[in-house]
Each structure stands twice: as structure tokens, then as C-alpha cells.
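Since the structure comes first, as C-alpha cells, the remarks are kept for the end.
The values are calculated or read from the model by the stated rules, or taken from the named source; none is laboratory data. The structure displayed is predicted, hence computed values, not measured ones. Cβ coordinates were reconstructed from backbone atoms using ideal geometry, including for glycine residues, and neighbour counts include every protein chain displayed.
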Number of protein chains: 2
Amino acid sequence: MASHRFNPTFTDNVISAMGKNVNPRFRQLMASLIRHVHDFARENELTVDEWMAGVQLMNWAGQMSDAKRNEGQLVCDVIGLESLVDEITFKLADEAADAPTATAILGPFFRPDTPFRANGETIVRTAPTDGSGETAYMTGQVVDFATKKPLVDAVVEVWQASTNGLYEQQDPGQEEFNLRGKFRTDVEGRYSFYCLRPTPYPVPDDGPAGKLLKLMDRHPFRPAHIHIIATCDGYKPLTTQIFDRKDPYLTNDSVFAVKDSLIVDFVERKGDPQAGLELTYDVKLVPDKTSKA
Amino acid sequence: MASHRFNPTFTDNVISAMGKNVNPRFRQLMASLIRHVHDFARENELTVDEWMAGVQLMNWAGQMSDAKRNEGQLVCDVIGLESLVDEITFKLADEAADAPTATAILGPFFRPDTPFRANGETIVRTAPTDGSGETAYMTGQVVDFATKKPLVDAVVEVWQASTNGLYEQQDPGQEEFNLRGKFRTDVEGRYSFYCLRPTPYPVPDDGPAGKLLKLMDRHPFRPAHIHIIATCDGYKPLTTQIFDRKDPYLTNDSVFAVKDSLIVDFVERKGDPQAGLELTYDVKLVPDKTSKA
């Protein structure tokens with residue numbers, strides 16, 4: 001193990017300082033974390049100044065975080081960690097099942113208190129003030145991924161940024177819960193609503209995540225996407241995002257969340273004065289065998 | 001590299017997203033950090049909840065930190081990172097030179113604005129109110145580690161916790177700069193002052209570092225120590241700590257900072273009404289070849 005010239009027992013000493021009364025999973029995680037962090041420091045001969053710069057960045061992330069903003073999460077996102085944890089979660093579910101809808105990260109702008117709206121309603125409560133924005137009609141079925149049976153009373157929750165790149169809680173110019181809504185599927189398992197064709201936007205870059213992006217010579221843009229959480233009694237909840245195939249950032253998402261199966265096509269919609277675009281998107285859920293439903 | 005069942009190109013994609021205009025050292029550090037963090041997540045099949053618990057702990061550390069407290073640093077300390085970075089720094093200096101005084105971590109309680117005091121003065125400005133505390137006379141020479149030549153006008157800065165386990169900035173009952181002082185060496189390179197025999201104390205455990213210690217079933221105690229920073233024109237500054245050989249926590253320091261060469265013996269002092277103990281400690285500094293002095 002110790003192919004370096006530093007104290008060969010230091011890391012083992014730190015790990016074995018853990019007592020008897022430690023949760024086994026926590027012990028595994030801390031031992032692995034300590035080993036990786038120490039290897040990182042030794043392999044790079046980390047200096048005191050470099051380590052302290054990392055500490056200050058970590059503290060800064062906490063100081064910027066509040067109920068509306070999670071900067072620690074965003075720091076993880078720009079180094080791909082949230083997307084990787086999501087991939088691990090999906091892979092484990094996939095091995096247990098087959099091929100339900102792929103997952104994607106929750107992101108830092110989810111709100112737990114989004115209201116229900118009726119099918120066919122619009123989530124555009126505040127139109128973009130600069131006249132930009134194309135309206136799209138989005139609809140689809142929630143189905144059991146194996147039997148294809150439509151799922152009645154499933155809930156589809158969606159949220160998206162406006163064309164100025166801001167979610168409603170970041171923007172005093174948007175009505176509360178603008179571009180958010182929960183929809184309950186009808187007897188055919190169908191949901192429908194009007195929304196905006198999503199547009200690309202930069203992640204907030206006035207904090208440590210933005211500083212890291214600049215130092216890494218990377219742009220902060222995310223490709224255009226709509227967030228979706230789908231839930232149904234007796235099925236595993238699904239968190240995902242769908243991406244517009246025409247977006248220029250599809251291959252270089254600043255948080256690495258794009259998967260091929262989540263890329264969708266907006267097509268022309270005719271005869272609807274409310275929307276010139278249409279998107280059909282079906283959601284496939286996996287039964288939750290641990291559930292009683 | 002990729003002996004796992006997850007997307008084998010994900011980590012390389014994140015690393016290679018860095019642009020052309022990146023400082024080479026920063027590129028090396030970020031590439032290594034991303035690789036270790038991703039390996040940690042994959043090896044342990046980290047769940048979303050576990051990752052999010054880590055994010056919340058990181059944010060919490062930042063929120064507790066201010067001018068008087070650096071909780072991010074303390075989190076690093078309890079997993080041995082500050083001591084490891086210190087060992088790396090000392091090893092590199094040692095390889096370049098020979099065997100100067102060993103270094104130890106700065107710790108979170110250093111204050112940059114500590115006042116000078118005259119040799120022979122006491123740093124005990126507020127005596128422990130419970131009558132505990134033994135007074136010690138500490139003296140020694142600052143010398144060139146190779147030639148043994150005494151260094152005149154070197155500065156020895158010391159700080160220690162009181163017997164209640166608190167540094168003055170943590171304790172409204174202590175006068176400002178209590179148990180701190182800077183001393184300038186005389187024509188024989190000698191410094192001297194009165195201090196307390198140090199006593200063990202717990203690191204603050206009301207935040208994320210304390211939570212980690214509890215979850216790891218570890219105690220928060222540090223063995224009794226005195227912090228020292230020694231500086232002299234033309235020499236490399238030295239940051240270290242000295243430890244009392246009689247301390248019960250010498251082999252299980254909560255921040256892993258003890259080195260054998262830093263363990264000292266307090267001996268009986270006779271004929272001095274001010275102190276019943278004495279400690280002689282010489283500091284060996286290394287010439288700074290990059291300096292003009």
C-alpha cells in the first residue's frame with residue numbers, strides 16, 4: 001500500500017482510532033474517505049497553503065448556503081459528483097430491474113412545496129418580460145416499465161428556469177411557483193400542461209463553484225432542460241431531467257447530467273393558439289417491491 | 001483503471017472538460033481530487049442520501065466559521081489531514097536540509113496580532129479562577145540547526161489554552177491575549193517566560209467536527225501542548241507544538257499532531273517563588289536559501 005516516503009502507518013493510525021461503537025457502513029465510508037483524502041495529499045505533496053485554500057473554499061460554500069441556495073451541492077455538481085452518485089443509484093436499480101426511465105440529478109432548485117395544477121393548465125404564470133420564450137404543450141403517459149400498463153393517479157412534478165436563466169426563487173420578477181407544477185395522471189395515465197421550451201442557462205457563478213469553474217477554464221452553462229419527479233403508489237420515485245436535442249451545450253453540460261436516453265425532440269404543433277411546439281414524453285416507473293401498495 | 005461496472009469514461013470526461021488556460025499545478029490537483037472523489041463514490045456505491053449528508057456537513061462547517069473559529073479546518077484536523085500536510089511539508093524541508101526542529105500543525109486558535117512581551121515576563125495574565133494550574137518557567141535558545149550558532153533577535157511566539165480547556169478568544173473570562181506572547185531572543189539567542197504547565201482539553205465538539213468524532217466513537221481530547229512559531233531573518237519560519245510527556249492523551253491525540261521529537265519534560269524548579277516547574281527547549285531553524293538576509 002505505502003509506496004511513498006511518508007510515515008507508512010499514519011493513515012492506518014487515523015482509521016484505527018475509530019472506536020468499537022461505530023455503524024459499520026459509516027466506518028466503511030470514513031475509512032475509505034480518509035484513505036482517499038490522505039492519498040490525494042501525499043500523491044500531490046499538498047502544501048499548507050493549498051490545503052488552506054481548500055478549507056476556505058469549503059467554508060465559503062457553507063456561508064453562501066441558505067434555504068434557497070445550496071452552494072456545497074453546486075461545488076459537488078461542477079466536479080460531477082452528484083451526476084456520478086445518480087449514475088450509481090440508477091445502475092443499482094437497473095441491475096435489480098431492467099430499463100426504466102433513466103435518472104438525473106435533482107439539482108439545487110427543487111422546492112418541496114410546489115402546488116398541484118389541473119391537466120392542460122400552463123405553468124407559465126409570469127411570461128418572460130423581454131418577449132422571448134416559445135410555448136410548448138407537453139404531454140405523455142406514466143406507465144409500468146415492464147407491463148406498459150398506464151398508471152392512474154401518478155404525480156408528475158416539473159420545474160424549469162425562465163428564459164433569463166433564473167428559477168422563480170432566484171428572481172423577484174417571477175410570481176411564486178412560476179414554471180413549476182404538480183400534475184396528477186388521468187384514467188389513461190396521462191398528464192399534460194403548457195410550459196416554455198427550455199433555454200440554456202449558467203449555474204450561479206458568484207461563489208466557490210463559479211470560482212472553481214473559472215480556475216478550470218470551463219463555462220458555467222447547463223443545456224436546456226426540464227426537471228421531472230414522477231411518483232406513484234407502489235412504484236419507486238423517479239427524479240430526472242429531459243434535454244432539448246437542439247441545445248448547443250448538450251455535450252458539455254457544466255454538471256455532467258446529460259444521458260442519451262433523456263434527450264427529447266420538440267416538434268411543431270398545429271391548430272393550437274396557445275402553443276407552436278409540442279413534446280410527448282412517457283415516464284416508465286419500476287414497481288417498488290418493498291412497498292405494500 | 002476502470003475495474004468497476006459504471007460508465008468507464010465519466011471521470012475522464014469531467015477531468016478533460018478543463019480548458020487550456022488552467023494553471024498546471026491547479027490542473028494536477030483538480031484532476032487528482034476528481035479521480036479520488038469519484039473512486040470513493042464508486043468503491044462505496046455512495047447513495048444520494050449519504051452524499052447529501054456530506055454536503056450538509058460541509059455547509060454546516062462553513063456556517064459555524066468566523067474570524068474566531070475555523071470549523072472547516074477542524075473537520076480536516078480530526079481526519080488527520082492538517083497533520084499529514086504538515087508531515088509532507090516537514091519531510092520535504094528535511095530532505096532538502098537535515099534535522100531541524102520538527103513541525104506541527106498551526107491549529108485553529110492562532111492569532112496574528114499577539115503582542116510582544118519582555119523576556120522573563122509571564123503570559124499568565126488571567127490566572128485560572130478555580131485555583132488549578134501549575135506555573136512553569138520556559139526558556140531556551142534559538143539556534144541555526146547546522147552550525148548551532150545562537151540566533152539573536154529571533155522571535156518566539158507562543159500560545160496555550162487555560163486549564164479550563166479554552167483559549168482566550170473562546171472565553172470571556174480571560175483577558176485578551178492571555179496565555180499568548182511574542183519574545184525576542186537576546187544576545188545569546190535566549191528567550192524566557194512564565195506560562196502554565198499545559199493541560200489536555202477537548203477540541204470544540206458542538207459542530208460537524210464533534211459530530212464526526214461522536215459517529216467515529218472517538219474522544220475529542222488533545223494532549224497538553226504549547227504552540228510555538230519561531231521566526232528569524234534569513235531562516236525558514238517554524239510552526240510547531242511541544243507536548244508534555246506525562247499526558248494521558250499522548251498516544252491518541254484527536255488531531256494526530258504528536259511526534260516523538262516534540263515530547264518534552266517539565267522538571268522541578270527550585271528557589272523561584274514564581275514557578276515550581278521548569279522547561280528548557282531549544283529551537284533549531286533552517287537557513288532560507290531563497291532569502292536575501
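Is segment B:273-280 home to any residue that is under 18 Å from the mean Cα position of the chain (by Cα), of a type outside the set (Ser, Thr, Tyr) and surrounded by fewer than 20 Cβ atoms within 10 Å (Cβ to Cβ)? No: zero hits. The residues of segment B:17-38 that are among the polar types (S, T, N, Q) and under 26 Å from the mean Cα position of the chain (by Cα) amount to a single one, B:32.
All conditions in (1) more than 7 Å from chain A (Cβ to nearest Cβ); (2) in contact (Cβ under 8 Å) with a residue 40 or more places away in the chain; (3) over 19 Å from residue A:53 (Cβ atoms); (4) not β-branched (Val, Ile, Thr) hold for residue B:95, with the sole exception of (2). Candidates in segment A:11-25 are the residues that are at the interface with chain B (Cβ under 7 Å from one of its Cβ atoms) and surrounded by 18 or more Cβ atoms within 10 Å (Cβ to Cβ); of these, the one that is nearest to residue B:37 (Cα to Cα) is A:14.
Contact map, segment A:37-55: first residue outside the structural domain of residue A:208 (by TED's automatic domain parsing), second residue assigned to a loop (DSSP other than H, G, I, E, B), Cβ cut-off under 6 Å, separation 6 or more or different chains; pairs are A:42/A:4; A:42/A:6.
I'd like to check something: does segment A:266-285 contain any residue that is assigned to a strand (DSSP E or B) and without any contact (Cβ under 8 Å) to a residue 24 or more places away in the chain? Show your work before the answer.
Residues of segment A:266-285 assigned to a strand (DSSP E or B): A:267-268, A:277-280, A:283-285.
This time we only want the ones that are without any contact (Cβ under 8 Å) to a residue 24 or more places away in the chain, so: A:267-268.
Yes, that holds for at least one residue.
Going by the structure shown, is residue A:80 away from chain B (no Cβ under 11 Å), touching a His at 6+ places or on another chain (Cβ under 8 Å) and either within 19 Å of residue B:9 (Cβ to Cβ) or at pLDDT below 90 (or both)?
Details: away from chain B (no Cβ under 11 Å): no; touching a His at 6+ places or on another chain (Cβ under 8 Å): yes; either within 19 Å of residue B:9 (Cβ to Cβ) or at pLDDT below 90 (or both): yes.
Taking the combined requirement at face value, the residue does not satisfy it.
Inside segment B:150-167, residues that are in contact (Cβ under 8 Å) with a residue 40 or more places away in the chain and either surrounded by fewer than 17 Cβ atoms within 10 Å (Cβ to Cβ) or among the acidic types (Asp, Glu) (or both) make up a count of 2. Selection of segment A:114-136 for residues being surrounded by 14 or more Cβ atoms within 10 Å (Cβ to Cβ), of a type in the set (A, V, I, L, M, F, W, C) and part of a strand (DSSP E or B) yields only A:136. Of the residues screened, residue B:14 is not one that is more than 32 Å from the chain's Cα centre (by Cα) and modelled with pLDDT under 95.
Of the helices (runs of 4 or more DSSP H) entirely within segment A:26-98, those holding at least 2 residues that are surrounded by fewer than 19 Cβ atoms within 10 Å (Cβ to Cβ) occupy A:48-64, A:81-96.
Okay, residues lined up against (1) of a type outside the set (Gly, Ala, Ser); (2) touching a strand residue (DSSP E or B) at 6+ places or on another chain (Cβ under 6 Å); (3) within 30 Å of residue B:21 (Cα to Cα); (4) modelled with pLDDT of 95 or more:
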residue: A:183; (1), (2), (3), (4): yes, yes, no, yes
residue: A:206; (1), (2), (3), (4): yes, no, yes, no
residue: A:214; (1), (2), (3), (4): yes, no, yes, yes
residue: A:223; (1), (2), (3), (4): yes, yes, yes, yes
residue: A:226; (1), (2), (3), (4): yes, yes, no, yes
residue: A:230; (1), (2), (3), (4): no, yes, no, yes
residue: A:239; (1), (2), (3), (4): yes, yes, no, no
residue: A:248; (1), (2), (3), (4): yes, no, yes, no
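A quick yes/no check of all residues on (1) among the charged types (D, E, K, R); (2) touching a Phe, Trp or Tyr at 6+ places or on another chain (Cβ under 7 Å):
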| site | (1), (2) |
| --- | --- |
| B:30 | no, no |
| B:35 | yes, no |
| B:44 | no, no |
| B:53 | no, no |
| B:84 | no, yes |
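Each residue in segment A:235-265 was checked for being in a loop (DSSP other than H, G, I, E, B) and on the phi < 0 side of the Ramachandran plot, and 17 pass. For residue A:6, the requirement of being within 7 Å of chain B (Cβ to nearest Cβ) and within 26 Å of residue B:214 (Cα to Cα) is not met. Scanning segment A:137-179 for residues that are touching a strand residue (DSSP E or B) at 6+ places or on another chain (Cβ under 8 Å), of a type in the set (A, V, I, L, M, F, W, C) and assigned to a loop (DSSP other than H, G, I, E, B) turns up A:145, A:146, A:151, A:154, A:161, A:166, A:179.
Of all residues in segment B:238-248, exactly one satisfies the criterion of being out of contact with any Pro (no Cβ under 8 Å at 6 or more places or on another chain), surrounded by 14 or more Cβ atoms within 10 Å (Cβ to Cβ) and of a type outside the set (Val, Ile, Thr), namely B:241. Within segment A:140-168, the set of residues being of a type in the set (Ser, Thr, Tyr) and farther than 21 Å from residue A:223 by Cα comprises A:147 only.
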